[in-house]
Structures are given as C-alpha cells and as structure tokens.
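Everything below concerns the one structure shown next.
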Amino acid sequence: MTEFEMDLPEVSAERAYKLMLSLANERVSCTGAETKAAERLKEEAESAGAECAIETFEASCGRVEEATLTVLEPYEKEYTVTGYIRSGSTPEEGLELELSYVEDALEANLVGAAGKAVLVNGRVGYAMYERLQKAKPAAIISYSGTIYDREGETDLDIRKLRETYSGAFGDNIMLNLRARDALEMVTLGASKVRLKVKSRRFNGYSRNVCAVIPGTEFPDEIVSFGAHYDSVEFSTGSYDNMSGSVIIMEMLRYFLKNPPKRTVKINWYGSEEQGLLGSKAWTAAHKDELEKHVLMINVDVAGPILGSEKIFTMGAEPLKNYVDAMMKEMGRAVEVKEHVYSSDSVPFADNGVPAVNFCRFASQGAGYMHDRRDDPALAFMSAKALDITLQNVLAFSKRVVNAPVFPIEKKISDSMKDSVDKYLFRKK
C-alpha cells in the first residue's frame, strides 16, 4: 500500500459522487447503455480488489414502432402520444372508436365502455386495469405530467404493460398522452378517435453485477447489499438510483479494507424500473443460498441537498424498533418506518430475508425522478448531501455485519408477508 493510499478515507462521498457523475446517462433495461454501466461498475469493483461477476438474465422488453391518436369528432386534431411497451397493436389501418372519459374507471364509469376507447385519469394501476378489462374496452388511454407542462421542456412518459397485468387480465391496446392534451380533449367533448399502434414484444438481456467479500468468523451468514443502476427513459438516473449504487460501492471499499466477520455480498441490479426484474432474477437463481442470508440492506435514492433521511424496514416488528433505537443512539436524524418499499428489497423479504432500505427523499420541489430533471446538472444534489446517507449506511452496516451475535431475527411478520403479497398482486 502506498503512502497516498494510506491517507485515503475508508469511504468517500466525493469519490462516490464523482463516479455517479461519470455514469449520469440514460440506462434503460436491456439497452447497450445499461450493459455499459454494468461493465463499468464491475471494473470499479475489481479495481478496488473485489471478486466480481456479471450475471445475465432474460427480461421482457418491447418496442413501439408507431403510435398515433387523432380526434375525429366533434373536431379534428392529432395529438402526440406514446404507446405502452408490450401493448397490443391495432390493425395496420388503425381503429376508429367512440371515446369515453371514464375518470378513475369505477364500475359506474365503465357502464357501456365495451368496444370503445376509454380515457382514464393518470396512471393505470393493477386494480384499475382489472376493472377496465372486465368492461372490455377496445383501447385504453392514460395521461401523464401536469396541465401546466410545456411540451419543449418535458417528456411524455413511455409506459409498459407489465406481465403481472396482462398475465392476469389479458392484453389491450394502450396509449399515453399529456395531461394538458387530455384536458383539452375532455373540455372540447372529443367523442370519436382514430388510433394506430404498432407494438413489438420480445425478450432481451439485462445484467446484475455481483461482488462477494468472504466473512472471517461467520462465513455462512451473509449480509446482502443492493441497489439498482438502471434508469427510465429521458433520465440520467442519478438520483434514482446511481446515487444508491455508488453508496454500496463505498461499502464494498470499506469491507475490503476492513474484512467483515460475516460474508458480504454486494449486488447492483439491472431492470429494477421494469418491475424489480434484476433482484427477482437474482433471488430465483440463488434460491438455495438464501438460507444463509440474514439481512438485505438496500439503498435507493440519495443525494438531494434539500431532503430528509428515511429507513423502511421489512421484517418482524422488533427490526423497526432496533433500527430506530440505533439511529437515535447515534444521534442520526432518520425517520424509521415498517413499510414495503418499492425496490429490490421486496424479493428478499418475499423469500424470508429481512431487509432495511436507506433513502434520502428530496423535499417537495427540490428533487426529481423518472424524468429529464433527474440530472445533476440542475445542482439539486451534492456530495455533502450524499454523505449523509452514506454515513448512515456505514454506521448501521459496521455494527450488524460485525456483531458477535447477529442482532436481527430472520423472520418476516405475518402482516409484512400480507403486505408483500399485496404489493406483488397476490392479494387484493
């Protein structure tokens, strides 16, 4: 070790932030950019001295080659739309359909909706999709953004018809338009539309990046760290979630320099934004090994300057109390809740492994995700703010990974199991 290396801090928010900036670009599931980011993370882990591998898995993908919506009556106007990935397709000549605005798609809204194009409020959730499919509309139109958005300053969401929806309730033709255009259509009484969607479905390949540091005293007890590194369309994905990815890279550096008593596994997951596909694939491929996993530590969103620290636990009730007490003992301003956090911890909890999710949420109007404003060039993030979450993760991890007796019971409460089942659409 050189004199310079001896002077380096065990973890560095500045180094982490610099790595985040170098990977600040769109990294959508199954794209070359996602693959390149996986390779870069692997190189970074290996350069720190870790054993690291890329595990490839199949992921559902699609491409919408054409999507148009034209109002025909009582006025004529074409609106910009996006087709849902893995949506159904219209005949090549398109479809002319009556249009009905069905608001939140309650049963009373859907009377007479069969065979029509229906416009719904906002995003189509699982329960809404079930109601819609029972009503048998010929096409479903959602909207995104706000009525105040300016077209040149915002992007129109590209959404996906996930297999959890279509597998349970069947396919449909689906489009998305801007909220301000939906407002205009309803205001002007749009009653007939022509739709054209050409959508192609296929499976592609995504990647998990996996590193391991063997334990010195309890090698058969594994603490697993995770963060997703993919992004959505239009976004650099720096806040969501290269910020979490670089934090667990610092955990890797720390435990390489300070060999852990328990085995540490650090995974960067691909395709989280498409439905936790990376962590689902990893837990399926490593199912036998999960018996040895005693805890999963997940980091998803960090770095906003104006924000607050949150921890969401997924286990038995004592886990929440233990984490809350530890944070208070160390004088750390963190709100701790028992809650199903929509991230890569879910497949672990579903397999009986307790999980702790570290997050820093931006305060209202001071941070953005899932759009072009998730961009460090807007200066709503900083290394100093990233360091708050980094230090919380480090302080917690050092104690539990190296505890003489592991302090967390490997148990998922019945209420948490029920919540996970609902999240995964197994229960209503």
Condition check: small (Gly, Ala, Ser), in a loop (DSSP other than H, G, I, E, B), surrounded by 15 or more Cβ atoms within 10 Å (Cβ to Cβ) and at pLDDT 95 or above. Does residue 226 satisfy that? no
So for the range 174-196 (the condition being among the β-branched types (Val, Ile, Thr) and within 30 Å of residue 57 (Cβ to Cβ)), does at least one residue qualify? no
Filter result for residue 67 (assigned by TED's automatic domain parsing to the domain that holds residue 286 and small (Gly, Ala, Ser)): no
Would you pick out the residues in the range 347-405 that are of a type in the set (Ser, Thr, Tyr) and closer than 20 Å to residue 229 by Cα? 368, 382, 389
Residue list for the range 335-373, restricted to those being of a type outside the set (A, V, I, L, M, F, W, C), assigned to a loop (DSSP other than H, G, I, E, B) and surrounded by fewer than 22 Cβ atoms within 10 Å (Cβ to Cβ): 339, 342, 351, 352, 363, 364, 365, 368, 370, 371, 372, 373
With respect to the numbered conditions (1) touching a Pro at 6+ places or on another chain (Cβ under 9 Å); (2) surrounded by fewer than 24 Cβ atoms within 10 Å (Cβ to Cβ), which one is the sole condition not fulfilled by residue 262? (2)
How many residues, within the range 125-152, are in contact with a helix residue (DSSP H, G or I) (Cβ under 7 Å, 6 or more places away or on another chain) and either farther than 18 Å from residue 169 by Cα or buried (at least 19 other Cβ atoms within 10 Å of the Cβ) (or both)? 8
Listing of helices (runs of 4 or more DSSP H) fully contained in the range 1-65 that carry 3 or more residues being at pLDDT 95 or above and more than 17 Å from residue 248 (Cα to Cα): 32-47
For residue 78, which of the numbered conditions (1) exposed (fewer than 13 other Cβ atoms within 10 Å of the Cβ); (2) more than 30 Å from residue 258 (Cα to Cα); (3) within 26 Å of the chain's Cα centre (by Cα) fails to hold? (3)
Looking only at helices (runs of 4 or more DSSP H) that fall completely inside the range 230-334, which ones have 1 or more residues that are within 23 Å of residue 384 (Cβ to Cβ)? 243-257, 317-329
Give me the residue from the range 183-197 that is in a loop (DSSP other than H, G, I, E, B) and in contact with a strand residue (DSSP E or B) (Cβ under 6 Å, 6 or more places away or on another chain) and, out of that set, surrounded by the fewest Cβ atoms within 10 Å (Cβ to Cβ). 191
Would you mind stating whether residue 120 is free of Cβ contacts under 8 Å to residues at least 24 places away in the same chain, crowded, with 18+ Cβ neighbours inside 10 Å and under 19 Å from residue 425 (Cβ atoms)? yes
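The values are calculated or read from the model by the stated rules, or taken from the named source; none is laboratory data. Just so it is clear, the structure is predicted and the values come from calculations on it, not from any experiment. We place every Cβ from the backbone using ideal geometry, glycine too, and count neighbours over all the protein chains shown.
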